[in-house]
Amino acid sequence: MEKIFHIKSRCSNRKKSDFFQNILDKVNTIQYSWKKEFTVKRRKYGKKIFVPKPQHLQTFRDWELRKLHLLPDELQFFRADWITDKYGKEYLLYVFTEPWRFQLTIQPNIIDKRRKLDTALEAEVDSIDRYMTIRHLYPYLVRLEKGRFKYKEWKPKPKVQYIRFIQKHSTHEWLTMIRTGMI
């Protein structure tokens, strides 16, 4: 089953139905469940009970809202709220102001089509997979994709002031200073 927000019938007949449908496409959230009730198992006083799973419209941080490229007319329907997370850090969260325009509907989510498989391509993939497993090549593939995960031992870096002093003089000047005994 699938639980999703839709525009209410009384709002869909109006002039701005396309406008609110555009906002809903950006703000909508979808939940899937194998049961029609959409419940979650929780503990209450040591017993396991089923509690309805809440569903809300999506909220955005400021950088996420900028990524959506909302029009000025659409931005009017969002308000900024300061939220404190569990670590005590405050951040700005943008919330849709008129959620009453949408209603939750439950509809079946059934897979009724089957994708055709390319048998030649599947056979080729299986042969490559067998080759990689027999010769133990997967660690090398991971190293190529993600790089090495080795611990680099700690080495003290030279201080910046000494580096600048060394870089002031060229190699020829250093050699002449050593020959003359200045250093």
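For residue 136, the accessible area of its heavy atoms, probed at 1.4 Å with every protein chain present, is near 130 square angstrom.
Taking all C-alpha pairs of the range 1-80, those more than 16 Å from each other amount to 64 percent. Name the residue, out of 27, 95, 125, whose mean-square fluctuation peaks in a Gaussian network model built on the chain with Cα pairs under 10 Å. Answer for the Gaussian network model of the chain: 125. Using the Cβ-Cβ distance between residue 76 and residue 50 with R0 set to 25 Å, the FRET efficiency from 1/(1 + (r/R0)^6) comes to roughly 0.05.
The phi-based Karplus calculation (6.51 cos²θ - 1.76 cosθ + 1.60; θ = phi - 60°) puts the 3J(HN,Hα) values of the range 19-26 at 4, 6, 5, 5, 5, 4, 4, 8 Hz, whole numbers, x for Gly and Pro.
Applying 1/(1 + (r/R0)^6) with R0 = 25 Å to the Cβ-Cβ distance of residue 64 and residue 37 gives a FRET efficiency near 0.20. Is the shape of the range 56-129 best called rounded, prolate or oblate, per the rule: a/c under 1.5 gives rounded, else a/b larger than b/c gives prolate, else oblate, with a ≥ b ≥ c the square roots of the Cα gyration tensor eigenvalues? It is prolate, given that a/c is not under 1.5 and a/b is the larger ratio. For the range 1-138, relative contact order (Cα pairs under 8 Å, six or more residues apart, normalised by length) works out to 29 percent. Highest mean packing first, where packing is the average number of other Cβ atoms within 10 Å per residue, the peptides 61-70, 126-135 line up as 61-70, 126-135. Remark: the chain carries a charge dipole of roughly 880 debye about the Cα centre, counting +1 on each Lys and Arg Cβ and -1 on each Asp and Glu Cβ. Over all other residues within a Cβ to Cβ distance under 12 Å of residue 29, the charged ones net out to +1, with Lys and Arg as +1 and Asp and Glu as -1. By accessible area, using a 1.4 Å probe on protein heavy atoms only, the chain has 56% of its surface on carbon and sulfur.
Taking one quarter of the surface of the C-alpha convex hull of the chain gives a mean projected area of 26.8 nm². The residue list 58, 69, 32 was ranked by how far each Cα lies along the charge dipole of the range 1-79 toward its positive end, using unit charges on Cβ atoms, and 32 comes out on top. Peptide packing for 115-122, 171-178 was compared via the average number of neighbouring C-beta atoms within 10 Å per residue; ordered from the highest value, the list is 171-178, 115-122.
The values are calculated or read from the model by the stated rules, or taken from the named source; none is laboratory data. Quick caveat: nothing in here was measured; it's all calculated off a predicted structure. Neighbour counts are summed over all protein chains in view; Cβ atoms, including those assigned to glycine, are modelled from backbone coordinates with ideal geometry. Just so you know, the surface numbers come from the protein's heavy atoms only, side chains and all, with ligands and any DNA or RNA stripped out. Shrake-Rupley method; radii C 1.70, N 1.55, O 1.52, S 1.80 Å.
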